[in-house]
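Below: one structure, written as C-alpha cells.
The values are calculated or read from the model by the stated rules, or taken from the named source; none is laboratory data. Because the structure is predicted, anything quoted here is derived from the model rather than measured. Positions of Cβ are generated from backbone atoms using ideal geometry, with glycine treated the same way; all protein chains shown enter the neighbour counts.
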Amino acid sequence: MCHHFRLLNEARQLAKQFKATIADDQLPLPFGDFYPLSQVPVIRLDDSGEREMVPMEWGLLPFWWKPSGKQTSRKAFQRKCFNARGETVDTKPTFRAAFKSRRCLIPATEFMEKGHYFHLADNEPFVFAGLWEHWQGDDETIETCTIVTTTPNAEVRDVGHHRMPVVLLSETDCETWLAGDNPVMEVRPAPDGALLTQ
C-alpha cells in the first residue's frame, strides 16, 4: 500500500498545471515528503463545479465516525484508511459515500513501494485518484482524504509489490474521475512503461 509520496512542486505551479484555484487563506500549502496523517494538498470540485486546491489530512475519516469503546482515537481509525482498494471502494462503508460524491486528485511527484521511488520520465507532477470527507466533531472540524489503489503495473510488480496507487495521467482521466463518471471496474493501474523507478 502507498504510505509515502513526495511532492516537489510549489502549490501555485500545481494549481496552474491542474486547472485549480487556491484561496489566499489556504497558502502556503505543504509540499515535500508525506506520510499518513500528514497535511497534503488536494484538488476537488467546489460548489460551483470548479477545481480548488485545499489542505487535507491523509487518512480518511468518514462523516459518520464517532468515538466508541473500541475506537476512541480518530487518528487510529485514520491510520487504517490512508488507502482505499479500488475493487471494493464502492461497497465498503468507510469509502462508498465519498466514492459516490466526494472524489479528488492528490498531486505527487513520486511515490514509494518496496523501497523504490516511482516517477514520470520528465519528473513532472501527476495526480492520484483520491476520495475526501468532511468530519464534524464536538470541538473540531477536519477534512481528510485517501488514495485509491489498484493492482500493480509492470514496474511496480517487478519490485515485488502487489498494489499501487491509481495514477491519473491525462486531463480526460482527471475530469472523468472528478465527475464520478467511471464505475469501479475502470479503476486501473498506470500503463506498463509509464513510470520510471530508482
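Give all pairs with beta carbons closer than 8 Å in which a residue from region 92-107 that is more than 12 Å from Thr146 (Cβ to Cβ) meets a residue that is assigned to a strand (DSSP E or B) and of a type in the set (Gly, Ala, Ser); count only pairs at least 6 apart in sequence or on separate chains.
Note: pairs meeting the criteria are Leu105/Ala129; Leu105/Gly130.
Would you confirm, using the coordinates I've provided, whether Pro55 is part of a loop (DSSP other than H, G, I, E, B) and not charged (D, E, K, R)?
No, not satisfied.
Quick check on region 20-32: of everything there that is surrounded by 13 or more Cβ atoms within 10 Å (Cβ to Cβ) and not β-branched (Val, Ile, Thr), which residue is modelled with the highest pLDDT?
Here the answer is Ala20.
Taking region 56-82 as the region of interest, how many residues are under 26 Å from His4 (Cβ atoms), free of Cβ contacts under 8 Å to residues at least 60 places away in the same chain and not polar (S, T, N, Q)?
5
Scan region 93-115 residue by residue and report those that are assigned to a helix (DSSP H, G or I), farther than 15 Å from Phe82 by Cα and among the basic types (Lys, Arg).
Lys100
Output the residues belonging to region 145-158 that are farther than 30 Å from Leu45 by Cβ and surrounded by fewer than 19 Cβ atoms within 10 Å (Cβ to Cβ).
Result: Ala154, Arg157, Asp158.
Restricting the first residue to region 159-170 and requiring it to be buried (at least 18 other Cβ atoms within 10 Å of the Cβ) and assigned to a loop (DSSP other than H, G, I, E, B), which pairs with a second residue that is of a type in the set (Gly, Ala, Ser) and at pLDDT 95 or above meet a Cβ separation below 6 Å and a spacing of at least six or different chains?
So the pair list comes out as Val166/Ala129.
Select from region 28-81 the residues that are in contact with a Gly (Cβ under 6 Å, 6 or more places away or on another chain) and closer than 20 Å to Val127 by Cβ and list them in ascending order.
Matches in region 28-81: Pro36, Cys81.
Assess whether Val89 counts as being farther than 14 Å from Val167 by Cα and either touching a residue at least 40 places away in the same chain (Cβ under 8 Å) or of a type in the set (Ser, Thr, Tyr) (or both).
Yes.
Out of curiosity, is Thr149 of a type in the set (Ser, Thr, Tyr), touching a helix residue (DSSP H, G or I) at 6+ places or on another chain (Cβ under 7 Å) and over 20 Å from Leu8 (Cα atoms)?
no
Phe111: more than 17 Å from Thr151 (Cα to Cα) and either out of contact with any Asp or Glu (no Cβ under 8 Å at 6 or more places or on another chain) or among the small types (Gly, Ala, Ser) (or both), yes or no?
Criteria not met by Phe111.
Within region 1-55, can you find the residues that are touching a residue at least 12 places away in the same chain (Cβ under 8 Å) and among the small types (Gly, Ala, Ser)?
Across region 1-55, the qualifying residues are Ala11, Ala15, Ala20, Ala23, Gly32, Ser38.
Which of the following residues is assigned to a strand (DSSP E or B) and over 19 Å from Gln39 (Cβ atoms): Phe128, Phe118?
None of the other options fit; the residue is Phe118.
Quick one: Cys2 ticks every box in (1) of a type outside the set (Lys, Arg); (2) within 20 Å of Leu131 (Cβ to Cβ); (3) crowded, with 18+ Cβ neighbours inside 10 Å; (4) modelled with pLDDT of 90 or more except a single one, so which number is it?
(4)
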